[in-house]
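The structure appears right after this line, and notes come after that.
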Amino acid sequence: MIGYEQQRLTELGHPELFQRLDWVSDTQGDGAGFDILSFEEDAHERFIEVKTTNGGVGSSFLVSHNELEFSKEAGDQFHLYRVFQFRDGPRLFTLPGDLSQHVHLKPTGTVANSRCDKLSSPFADGAAHEPIQRPAFSA
């Protein structure tokens, strides 16, 4: 998508803005609510979230709560770049602004990861973890 943005900015007559482009999810991590900081023709910021699937144009994709909220806050400065059929010849469409105005949202739950620094177990002191013995089942 960085190459796509370089081409877009060049076609707008502002190749110099490409030097200011930032792949935020790579340089700062995934918490910003968008992946790429780019620019509009008037040099205003454009916040880009990229979603990629191998499926067709109607295939589902995951959106985090943070991305959804950021799309509302950023308004017209937010753009979702939806890449589909990635494996077979990538295609693209964009959705500007508040994502909830463009897509059907279906809550799917929250993923939980253990915080190792908060574990309370007999093995938290660095002792080796014991293997779990599976019970024997009779056929």
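The values are calculated or read from the model by the stated rules, or taken from the named source; none is laboratory data. No experiment lies behind these values; they were computed from the predicted model shown. Glycine gets a Cβ as well: all are built from the backbone with ideal geometry, and neighbour counts include every protein chain shown.
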Exercise. If you check residue 57 against the conditions, is it in a loop (DSSP other than H, G, I, E, B), in contact with a strand residue (DSSP E or B) (Cβ under 6 Å, 6 or more places away or on another chain) and of a type in the set (Val, Ile, Thr)?
Worked result: yes
Seminar exercise, completed: Taking first residues from region 1-30 that are farther than 23 Å from residue 53 by Cβ and basic (Lys, Arg) and second residues anywhere that are modelled with pLDDT under 95 and not in a strand (DSSP E or B), the pairs with Cβ under 9 Å that are 6 or more apart or on different chains are 20/43
Problem set entry | Qualifying residues in region 70-97 (those that are surrounded by fewer than 16 Cβ atoms within 10 Å (Cβ to Cβ) and in contact with a Gly (Cβ under 7 Å, 6 or more places away or on another chain)) - the one farthest from residue 14 (Cα to Cα) | 75
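Here is a yes/no grid of residues against (1) closer than 28 Å to residue 12 by Cα; (2) out of contact with any His (no Cβ under 9 Å at 6 or more places or on another chain); (3) among the charged types (D, E, K, R):
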{"position": "29", "(1), (2), (3)": "no, yes, no"}
{"position": "47", "(1), (2), (3)": "yes, no, no"}
{"position": "50", "(1), (2), (3)": "yes, yes, no"}
{"position": "56", "(1), (2), (3)": "no, yes, no"}
For this session: Would you be able to tell me the number of residues in region 17-52 that are under 17 Å from residue 97 (Cβ atoms), under 19 Å from the mean Cα position of the chain (by Cα) and in a loop (DSSP other than H, G, I, E, B)?
Result: 3
